[in-house]
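The structure appears below as structure tokens.
The values are calculated or read from the model by the stated rules, or taken from the named source; none is laboratory data. Just so you know, these numbers come straight off a predicted model, no measurement behind them. In this analysis, Cβ positions are derived from the backbone assuming ideal geometry, glycine residues included, and neighbour counts consider all displayed protein chains.
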Amino acid sequence: MEILSRLPVTHENKQEKIALVLSIAPPLHRVGYSKDYLPMLQQAEALAEELGEEKKRVHIRSLIGVYYVGTGGDPQLGWKYLEECMNHPDMEGNAELAVPVAFNTISSFSVSGDFLKTCRIAPTVIGLIERSGTRNRSFGTPHNVYAFMFAVWGIATSATGNFDRGEELLEKALSFALDMDHQFTLGFVEWHYGMIYAIKGDGHRSAEHLRKAIRYMEDSQTVIHQGPVWSWLGLAHLFMGETEPALEFTRKGLQMHTDVGVLFFQSMCHWLLSQVHLELGDTENARAHAEMALKCSSNNNERYIQGISRIFLERALAKTEQKLAEAEQQILRGLEILEALGLRPFYSMGYLGLGEVYAEIGQKQDALSYVSCFSLNCPYTSILLLRPCGPETGGWYFRPGIWPDPAAVS
């Protein structure tokens, strides 16, 4: 940009500046945003408007929207940008514009937790890519967008409760990314595969995918997502009963992501570290990180992490009966958020959290009623109900003296 700014002010040079900004946005995303990123986008947007390059202007505005949602500290403004771009009349059937704008919008849905919206938009974008014969294209993004769309559709489908269908979609994403040998996309897909197995409580499979994700991200010099991946790897080790690496990796993930300097998913790293501390019996640090997760997610409009953070915060508060009322209030607010987003596995955690509040103070009947709600809402064993152990019992056992088998609850 500096070199181009020294050239004569001509129509061709202005076009070159716009093209350069669109070409360097993907690598800047991989390493985290520099302080010059937003001014660069704003300058390119002004040039596109001046030259009447409406499609390029809309594309750039969607990049500005992603920036505000993820790193600019003004998510509401970011969503305003993205909504305006998605509703632009030139979006209809135009792959060159619709695909990158939809990519930027769906990327932001992953921050807010609007997975139901992802489930609606991603298959439409996939169909547009297939009809236009552009499966191998990146469309000015860091990803192979075709594989990316299957990946985000897969994790969104799993987050709304259909794990089998979610794995099918992720397998399609992984297969295509492997055929393309697209390292950045492979890292992203493997990360999401690892998250699915973690949500289901399978630490061994989760760790296998997450370690592959880290390797792909290191090979492609992708910095922006490595912290959260390390945090999820810590959770996977917790599920395997390996508490020392669990604490080490969740701490490492939080520190790495903090060092990158982006706002999105800092809350996720705090939430996962809170969970590890809680399972290790360190309620003070568990509460501190749950409070930080709630604060960060509230500031950055990460609504689903707001809901999850309230669940873990109530678990820490509920270690004494005196905090029961406060714990109930937190988790009920969390349940309201997660139910509104349609995230069935996550709001099922809330029922278990309420059950745990009562079980740990000896009110077994009230606890059983919430375990029953869990059983009706989630076919998979929740990470809140069980503790990790050896593979001879499938990796889990019930907390002794507290929980009955939920299958036995009528």
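For segment 243-283, what are the residues that are surrounded by fewer than 23 Cβ atoms within 10 Å (Cβ to Cβ), in contact (Cβ under 8 Å) with a residue 40 or more places away in the chain and farther than 20 Å from SER110 by Cβ?
Within segment 243-283, GLU279 is the sole residue that qualifies.
What residue, of THR141, THR105, is closer than 15 Å to LYS56 by Cα and either modelled with pLDDT of 95 or more or not basic (Lys, Arg) (or both)?
THR141
Out of the residues in segment 306-332 that are modelled with pLDDT under 85, of a type in the set (Lys, Arg) and assigned to a helix (DSSP H, G or I), which is farthest from CYS269 (Cα to Cα)?
Checked segment 306-332; the qualifying residue farthest from CYS269 (Cα to Cα) is LYS323.
For segment 224-273, how many residues are of a type in the set (A, V, I, L, M, F, W, C) and not in a helix (DSSP H, G or I)?
Residues that pass the stated criteria total 6.
Any chance segment 93-104 includes a residue that's surrounded by fewer than 19 Cβ atoms within 10 Å (Cβ to Cβ), part of a helix (DSSP H, G or I) and free of Cβ contacts under 8 Å to residues at least 24 places away in the same chain?
No, segment 93-104 contains no residue that is surrounded by fewer than 19 Cβ atoms within 10 Å (Cβ to Cβ), part of a helix (DSSP H, G or I) and free of Cβ contacts under 8 Å to residues at least 24 places away in the same chain.
Would it be correct to say that GLN76 is in contact (Cβ under 8 Å) with a residue 60 or more places away in the chain, more than 17 Å from ALA102 (Cα to Cα) and surrounded by fewer than 21 Cβ atoms within 10 Å (Cβ to Cβ)?
Taking the combined requirement at face value, the residue satisfies it.
Among the residues of segment 112-119, is there at least one that is buried (at least 20 other Cβ atoms within 10 Å of the Cβ), closer than 27 Å to ASP219 by Cβ and hydrophobic (A, V, I, L, M, F, W, C)?
Looking for residues that are buried (at least 20 other Cβ atoms within 10 Å of the Cβ), closer than 27 Å to ASP219 by Cβ and hydrophobic (A, V, I, L, M, F, W, C), one finds none in segment 112-119, hence no.
When segment 275-284 is examined, which residues are found to be part of a helix (DSSP H, G or I) and either of a type in the set (Asp, Glu) or modelled with pLDDT of 95 or more (or both)?
Scanning segment 275-284 gives GLU279, GLU284.
Here's the yes/no breakdown for (1) closer than 18 Å to LEU235 by Cβ; (2) modelled with pLDDT under 95:
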{"residue": "SER175", "(1), (2)": "no, no"}
{"residue": "MET180", "(1), (2)": "no, yes"}
{"residue": "GLN183", "(1), (2)": "no, yes"}
{"residue": "VAL189", "(1), (2)": "no, no"}
{"residue": "LYS200", "(1), (2)": "yes, yes"}
{"residue": "ALA207", "(1), (2)": "yes, no"}
{"residue": "ALA213", "(1), (2)": "yes, no"}
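Go through segment 292-305 residue by residue and tally those that are farther than 11 Å from MET268 by Cβ and surrounded by 24 or more Cβ atoms within 10 Å (Cβ to Cβ).
Going through segment 292-305 one residue at a time, the tally reaches 1.
Would you confirm, using the coordinates I've provided, whether GLY334 is in contact (Cβ under 8 Å) with a residue 24 or more places away in the chain, closer than 16 Å to SER112 by Cβ and of a type in the set (Gly, Ala, Ser)?
yes
Among residues belonging to segment 7-44 that are modelled with pLDDT under 65 and not in a helix (DSSP H, G or I), point out the one that is surrounded by the most Cβ atoms within 10 Å (Cβ to Cβ).
The residue in question is TYR33.
When both residues are 6+ apart or on different chains and their Cβ atoms are under 7 Å apart, which pairs have a first residue that lies in segment 210-233 and is in contact (Cβ under 8 Å) with a residue 40 or more places away in the chain and farther than 17 Å from LEU272 by Cβ, and a second that is of a type in the set (Asp, Glu) and assigned to a helix (DSSP H, G or I)?
Close Cβ pairs satisfying both conditions: none exist.
Any residue at all in segment 257-271 that's more than 30 Å from ASP36 (Cα to Cα) and not hydrophobic (A, V, I, L, M, F, W, C)?
no
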